Amino acid sequence: METKLTIYNSLSRRKELFVPLHAPHVGLYVCGPTVYGDGHLGHARPAITFDILFRYLTHLGYKVRYVRNITDVGHLEHDADEGEDKIAKKACLESLEPMEVVQHYTLRYHKAMERLNVLPPSIEPHASGHIIEQIQFVQKILDAGYAYVSEGSVYFDVEKYNKKYHYGKLSGRNIDELLETTRALDGQSEKRRPADFALWKKAAPEHIMHWPSPWSEGFPGWHLECSAMGTKYLGEEFDIHGGGMDLMFPHHECEIAQSCAALGHESVKYWMHNNMVTINGQKMGKSLGNFITLDEFFSGTHPLLSQPFAPMTIRFFILQAHYRSTVDFSNDALISAERGFARLMEAYARLKKLTHAAETSNGEIRTLRARCEEAMCDDLNTPIVISHLFDAAKFINSCADGKATVSAADLKELQDVFRLFIEDILGLQVEDNGEKDDAYRKAVDLLLDIRLHAKQNKDWATSDRIRNELTALGFSIKDTKDGFEWSL
Ligand code: ZN
């Protein structure tokens with residue numbers, strides 16, 4: 001299989017031609033959510049970014065095994081090695097079993113992802129379900145000599161590792177500086193050096209999530225789960241590892257170190273990172289009052305929002321930016337995204353009803369598919385795809401308004417390309433309230449059909465009454481050569 005997909009590899013810091021290790025199979029691992037809090041935009045962006053990658057690889061004919069984990073243990077407050085486990089803390093506060101907290105947020109996360117039309121991964125492993133694999137991984141690192149046991153905990157020896165490998169190669173952090181400046185912190189720590197990170201932590205007596213291990217009753221360090229689960233399901237070497245840019249250091253840097261130390265080689269061929277979201281130009285944070293959950297976007301119940309925003313508006317807004325650029329959310333920007341999305345989908349709806357008039361082919365339309373593919377192959381450039389679709393939408397509207405005509409072949413191509421890119425690849429769908437919506441559309445169509453007959457029978461009173469009353473309700477009605485069109 002030969003394609004020209006190029007992706008930006010964070011490790012080499014350049015765009016590279018994507019060549020899978022074992023075509024047609026592709027292994028894709030993405031760091032999923034820590035399920036302890038309400039789903040927010042920070043969850044939506046990586047999920048949508050790698051959903052696009054998953055969809056596009058599948059479209060290219062690859063058989064993708066997509067693994068997206070659930071972090072449900074070991075993600076501690078303050079830094080990766082210290083503080084309380086967030087899930088355990090919540091469980092204690094609310095007298096819940098930790099897995100009740102995990103289940104509650106996992107279900108909410110899945111529901112939000114479904115509304116955003118994010119496809120489920122092939123495997124969604126929980127860190128807590130892979131303790132044995134993580135213990136085995138720690139043992140391999142110990143056997144290789146890159147970790148040490150201290151007071152029942154196991155730490156990764158960054159300085160020793162860095163003598164043979166390169167700690168900091170992904171994030172570009174200067175490890176000498178890191179080791180130098182942090183060398184003489186406190187003498188209290190179990191760690192030999194502050195740069196070392198935990199592979200296994202002995203649980204304090206009040207810690208409610210712990211498992212037996214050769215070193216202590218405890219729990220795995222946060223970075224370990226992705227090394228253990230990625231290689232378990234995708235092999236010691238696999239194609240793509242993705243996640244948010246905020247995970248590059250320390251999480252992904254530590255993953256590389258763990259895999260190299262345990263296996264003697266790197267596991268991941270391409271590292272991909274989506275950029276972050278900001279709200280009104282600021283980093284999102286609880287203390288800044290701009291922490292908006294996905295549910296609040298969908299319901300419009302946040303002081304910074306003037307109205308609810310449909311999940312598809314959020315998805316469209318995110319796809320209007322390239323995944324390596326930042327996305328700044330604001331109420332105004334979302335309102336214009338909502339309008340833009342409605343315009344595109346209206347053109348798509350008109351396209352479905354368009355009839356062809358025998359005519360020569362249009363060059364712009366003939367190259368549309370190739371131009372969209374080219375943009376996707378250029379490191380998943382979704383904003384360019386969207387702009388090509390908008391250009392084609394202008395042509396569709398001209399045809400529907402009777403100002404241009406389309407040949408039979410072009411019409412079929414347009415319909416195929418729109419369905420492929422809008423629905424299958426960008427994963428955008430018409431907001432659908434199911435049967436209710438369907439019944440409502442049929443009722444309006446019926447009224448306008450009665451009006452059409454009334455007009456044909458020169459029953460102006462009935463025809464005007466239907467038109468005026470629907471207009472008063474906020475409908476916009478357009479007469480066309482084939483009958484009518486309406487929108488609300
Ligand atoms: Zn991870």
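The values are calculated or read from the model by the stated rules, or taken from the named source; none is laboratory data. The structure presented is a predicted model; accordingly, all values stated were derived computationally and were not measured. As a convention, Cβ positions derive from the backbone with ideal geometry for all residues, glycine included, and neighbour counts pool all protein chains shown. Protein only, heavy atoms only, side chains kept; ligands, DNA and RNA dropped before computing areas. Shrake-Rupley method; radii C 1.70, N 1.55, O 1.52, S 1.80 Å.
Of the beta bridges in the chain, as assigned by DSSP with both residues counted there, near 55 percent are antiparallel. In a simple Cβ point-charge model (Lys, Arg +1; Asp, Glu -1; nothing else charged), the chain has a dipole of about 1260 debye relative to its Cα centre.
Here the stretch 415-487 and the stretch 1-67 have alpha carbon centers that stand 39 Å from each other. Placing unit charges on the Cβ atoms only, positive for Lys and Arg and negative for Asp and Glu, gives the stretch 393-481 a dipole magnitude near 560 debye about its Cα centre.
A helix-only calculation puts the chain at -13500 deg cm²/dmol for mean residue ellipticity at 222 nm, using -39500 (n - 2.57) for each DSSP H run of at least four residues, averaged over all residues.
Descending by average beta-carbon neighbour count within 10 Å, the peptides 108-115, 250-257, 478-485, 61-68 line up as 250-257, 61-68, 108-115, 478-485, the highest first. Per-atom-type breakdown for the stretch 206-347 gives carbon and sulfur 53% of the accessible area (1.4 Å probe, protein chains only). According to the Cα-based calculation, Rg over Rh for the chain is 1.06, with Rh computed by the Kirkwood formula. For the chain, the residue among TYR109, ALA349, TYR155 whose Cα projects farthest onto the positive side of the dipole built from Cβ charges is ALA349. Per residue, the stretch 279-425 exposes an accessible area of 45 Å² to a 1.4 Å probe, with every protein chain left in place.
The slack in the chain from ALA461 to ALA204, taken as 0.36 nm per residue of separation less the alpha-carbon distance, amounts to 84.3 nm.
Annotation: per residue accessible area for the stretch 1-67 equals 39 Å², rounded to a whole number [probe 1.4 Å, protein chains only]. Dipole orientation for the chain: of the candidates TRP486, GLN258, PRO205, TRP486 has the Cα lying most toward the positive pole (charges on Cβ; Lys, Arg +1; Asp, Glu -1). Heavy-atom accessible area for TYR233, with the other protein chains in place and a 1.4 Å probe, reaches approximately 50 Å².
Per residue, the Cα convex hull of the stretch 338-466 amounts to 134 Å³. Can you list the lysines whose alpha carbon is less than 18 Å from that of LYS394, not counting same-chain residues fewer than 8 positions off? Reachable lysines: LYS352, LYS353, LYS403, LYS412, LYS478.
For the stretch 284-303, backbone nitrogen atoms closer than 15 Å to the point 7 Å from THR326 Cα along Cα-to-C-beta are found at 284-285. Extent along the principal axes, Cα only, for the stretch 174-328: 54, 39, 36 Å, with the longest axis given first.
Here the accessible area of the stretch 355-439 is 51 percent carbon and sulfur, with a 1.4 angstrom probe and all protein chains present.
Sorting LYS163, LYS169 on solvent-accessible area from highest to lowest, probe radius 1.4 Å, gives LYS163, LYS169. Ligands, DNA and RNA aside, TYR8 has an accessible area near 60 Å² when probed at 1.4 Å.
Surface listing: MET284, MET245 arranged by accessible area from highest to lowest gives MET245, MET284, probe 1.4 Å.
If the cut-off is 13 Å between C-alpha atoms, which aspartates and glutamates fall inside it for LYS63, apart from same-chain ones fewer than 8 positions away? Leaving aside aspartates and glutamates fewer than 8 places away in the same chain, those within reach of LYS63 are ASP239. For the stretch 287-358, a crude dipole built from +1 on the beta carbon of Lys and Arg and -1 on the beta carbon of Asp and Glu, taken about the Cα centre, is about 480 debye to the nearest 20. Considering only ALA337, HIS126, LEU224, and ranking their Cα positions along the charge dipole of the chain that arises from unit charges at the beta-carbon of Lys, Arg, Asp and Glu, the one farthest toward the positive end is ALA337.
For the chain, the membrane-span-like helices by this rule, meaning whole DSSP H stretches whose C-alpha atoms cover at least 24 Å of axis and whose Kyte-Doolittle mean is 0.0 or above, are 41-59, 382-400; this says nothing about an actual membrane. For the stretch 279-425, the alpha-carbon radius of gyration amounts to 1.23 times the rule-of-thumb value 2.2 N^0.38 Å expected for a compact globular protein.
By a 1.4 Å probe calculation restricted to protein chains, GLU94 has an accessible surface near 90 Å², given to the nearest 10. Across the stretch 330-393, Cα-Cα pairs more than 13 Å apart make up 71 percent of the total. The distance separating the Cα centre of the stretch 351-410 from that of the stretch 85-124 comes to 42 Å. Take the alpha carbon atoms of the stretch 6-274, find their radius of gyration, then divide it by 2.2 N^0.38 Å using N residues; give the quotient. This ratio for the stretch 6-274 stands at 0.99.
The aspartates and glutamates within cross-link reach of LYS160, meaning a Cα-to-Cα straight distance under 13 Å and a gap of 8 or more places when in the same chain, are ASP176, ASP196.
Taking amide H positions as modeled 1.01 Å from N, with prolines and chain starts lacking one, the residues under 5 Å from HIS40 and 5 or more places away or on another chain are LEU294.
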